[in-house]
1. Does segment 68-86 contain at least one residue that is surrounded by fewer than 20 Cβ atoms within 10 Å (Cβ to Cβ), at positive phi and either within 10 Å of the ligand (Cβ to nearest atom) or in a helix (DSSP H, G or I) (or both)?
2. Filter segment 87-106 for residues that are in contact (Cβ under 8 Å) with a residue 60 or more places away in the chain and either buried (at least 18 other Cβ atoms within 10 Å of the Cβ) or in a strand (DSSP E or B) (or both) and give the result.
3. When segment 94-122 is examined, which residues are found to be in contact with a strand residue (DSSP E or B) (Cβ under 8 Å, 6 or more places away or on another chain) and closer than 17 Å to Leu146 by Cβ?
4. In segment 36-67, which residues are buried (at least 18 other Cβ atoms within 10 Å of the Cβ) and among the β-branched types (Val, Ile, Thr)?
5. Mind checking which residues of segment 106-137 are among the hydroxyl-bearing types (Ser, Thr, Tyr) and within 7 Å of the ligand (Cβ to nearest atom)?
6. Name every residue in segment 163-176 that is outside any helix (DSSP H, G or I) and at pLDDT 75 or above, in order of residue number.
7. Helices (runs of 4 or more DSSP H) wholly in segment 181-247 with at least 1 residues that are among the hydroxyl-bearing types (Ser, Thr, Tyr) and surrounded by 11 or more Cβ atoms within 10 Å (Cβ to Cβ) - which ones?
Amino acid sequence: MQVNVVSLFPSMFDVLTTMGVTGRAHEQGKWSLATWNPRSYTHDVHHTVDDRPYGGGPGMLMLAQPLVDSINDIKQHQESTGPVILLSPTGQPFSQAKAQELAQLPRVTFVCGRYEGIDQRFIDRYVDEEISLGDFVLSGGEVAALAVLDATIRLLPGVLNDHQSALQDSFHDELSGLLDCEHYTRPEVFEEMPVPPVLLSGHHANIAQWRRERSLALTAARRPDLLEKAKEKGLLSKKDLLFLKQL
Ligand code: 9D3
């Protein structure tokens, strides 16, 4: 996958190419990154990338021209930009389903805004889609793009190891529609807190049932919205529903 990022702070993306799962995948050539800095496409002495909003109001907006020139330079250097996705607080909420969609693309271009926003005429003509990370205010699109890219790259073929991929495919984890249960590792007792005994029993059916019930209880307590969705999608068994009733 060829990833392009248009950003005034391209070094923020070094973390993806150097660290962890995404860094290893980058080393293995599973994806590559090109960054495009709108400031490189300015022609005035101050390298101006922003200006005041027409109609007044607080803050500054990103100029359309350096963003358009960034997009055009991508088209000069590559076959195409792929879909142009703007990270924006007014975009569609990001999701695992969207990450799955993006992971199918051969190329994609992310545009990161700074200041109070971007001249709408750039968005109208050059942006295919707008994605938000949720209802909170970031200082720019970069951190959102990092999250979207991290979620997407780990889904590329051959990026996760066999064990992690099997987990991902199973009814547990991402597809179950429930929150993951709690996990424990050594030691058996930590600061007077024992590991739940069932996990030490070696009884695999009991362990699976305990984990399922913890997932259900946790989801009911913290994310009742997810529990309703799981019910509607028919992801809950009779046994699940019985357990929730007696909860
Ligand atoms: C007063 C209006 N503000 C909107 C809430 C202006 C504004 C704030 C922050 C405009 C842009 C930004 C920078 N944020 C992003 O670029 C951004 C974002 C976010 O702030 N929250 C969640 N997802 C995203 S994706 C990009």
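1. No: zero hits.
2. Leu87, Ala103
3. Phe94, Lys98, Leu102, Val108, Thr109, Phe110, Val111, Cys112, Gly113, Arg114 - these are the residues of segment 94-122 that are in contact with a strand residue (DSSP E or B) (Cβ under 8 Å, 6 or more places away or on another chain) and closer than 17 Å to Leu146 by Cβ.
4. Val49
5. Selection gives Ser132 alone.
6. Answer for segment 163-176, where residues must be outside any helix (DSSP H, G or I) and at pLDDT 75 or above: just Ser176.
7. Because the criterion is at least 1 residues that are among the hydroxyl-bearing types (Ser, Thr, Tyr) and surrounded by 11 or more Cβ atoms within 10 Å (Cβ to Cβ), the helices (runs of 4 or more DSSP H) in segment 181-247 that meet it are 204-222.
For (1) over 18 Å from the mean Cα position of the chain (by Cα); (2) of a type in the set (Ser, Thr, Tyr); (3) assigned to a helix (DSSP H, G or I); (4) at positive phi, each residue gets a yes or a no:
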site	(1), (2), (3), (4)
Asn4	no, no, no, no
Leu8	yes, no, no, no
Ser11	yes, yes, yes, no
Asp14	no, no, yes, no
Gly23	no, no, yes, no
Lys30	no, no, no, no
Leu33	no, no, no, no
His43	yes, no, no, no
His46	yes, no, no, no
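The values are calculated or read from the model by the stated rules, or taken from the named source; none is laboratory data. Computed from a predicted model, the values in this text were never measured in an experiment. Neighbour counts are summed over all protein chains in view; Cβ atoms, including those assigned to glycine, are modelled from backbone coordinates with ideal geometry.
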